[in-house]
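Have a look at the structure below, then the notes.
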Amino acid sequence: MIACVEDEESIREIEIYTLKSAGYDAAGFVDGNSFFAALSKEKMELVILDVMLPDIDGIEILKKLKKDASTRNIPVIIASAKGTEFDKIKGLDLGADDYLAKPFGMMEMLSRIKAVTRRSNTMEENTVIGKEQIQILTRQHQVFVNHKEVALTYKEYEVLKMLMSHPGIVYTREELLDAVWGMEYDGETRTVDVHIRTLRAKLKEAGDTIDTVRGVGYRYKEAL
């Protein structure tokens, strides 16, 4: 089921109508409490999440979903009138899969749902990536450096996983944006540089395994 967490009745109703007309099972929730009550009883396939809600802020709902192992893999699309680049980056960094800036069309919403679902369906089963300094447990979304867990943001984790999954392959900034942030992200490619910088800092000495290829992009180089 797709959950539409939206306090504005007119928006919520048209979202549900559009989804059901497109063949999806959908339900609407006016606030965070009603959403979490339903979540404890039903399996959610995807969440369309408003930010400005009457009880729990949408960003707090997102954080709670991503902290819980049982819900962290549920795709989330934020739908908000807060459409600045800062707001988008904040939501995406906290684990949102996409961002719809209000007002948006229903065809755009369906297109983004399909894109997010495709990306979600390609996620691999639990595997261990890496065998040297850095190891990733994909199902648990955990990263270890020299057997000590390192806390990364959702996007830092996704960037590292992509690079480590294909050691030696150089990815351009645009390719990383497409794969990690989604094709629809229209921010600047420097967003990738910022995330690489903070990722290296958190990995400490192991950060040297992320190599900058000047004028092209980044690659992961395995320790010799």
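Which pairs have Cβ atoms under 7 Å, sit 6 or more apart or on different chains, and link a residue in the stretch 37-50 that is among the basic types (K, R) to one that is in a loop (DSSP other than H, G, I, E, B) and loosely packed, with under 12 Cβ neighbours inside 10 Å?
As it stands, the answer is none, since no pair meets every condition given.
When residues of the stretch 80-135 are filtered for being more than 14 Å from the chain's Cα centre (by Cα), in a strand (DSSP E or B) and at pLDDT 90 or above, how many remain?
2
The rows are residues; the columns are (1) small (G, A, S); (2) closer than 16 Å to L152 by Cα; (3) loosely packed, with under 14 Cβ neighbours inside 10 Å.
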| residue | (1), (2), (3) |
| --- | --- |
| P54 | no, no, yes |
| I61 | no, no, no |
| K66 | no, yes, no |
| P75 | no, no, no |
| A79 | yes, no, no |
| K90 | no, yes, no |
| D93 | no, yes, no |
| D98 | no, no, no |
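Considering each residue of the stretch 150-164, count those that are touching a strand residue (DSSP E or B) at 6+ places or on another chain (Cβ under 6 Å) and over 19 Å from T191 (Cα atoms), and give that number. Talk me through it step by step, then tell me what you get.
Looking only at the stretch 150-164, we keep the residues that are touching a strand residue (DSSP E or B) at 6+ places or on another chain (Cβ under 6 Å), and these are 150, 152, 161, 163-164.
If we keep only those that are over 19 Å from T191 (Cα atoms) as well, we get 150, 164.
So the answer is 2.
Can you tell me how many residues in the stretch 144-164 are buried (at least 18 other Cβ atoms within 10 Å of the Cβ), over 22 Å from D98 (Cα atoms) and without any contact (Cβ under 8 Å) to a residue 40 or more places away in the chain?
Going through the stretch 144-164 one residue at a time, the tally reaches 0.
If only one of S111, S70 is surrounded by fewer than 16 Cβ atoms within 10 Å (Cβ to Cβ), free of Cβ contacts under 8 Å to residues at least 12 places away in the same chain, more than 21 Å from E15 (Cα to Cα) and of a type in the set (S, T, N, Q), which one is it?
On the way: S111 fails: more than 21 Å from E15 (Cα to Cα).
Going through S111, S70 in turn, the sole match is S70.
The values are calculated or read from the model by the stated rules, or taken from the named source; none is laboratory data. Predicted model only: the values in this text are computed from it and were never measured. Cβ atoms come from the backbone with ideal geometry, glycine included; neighbour counts cover every protein chain shown.
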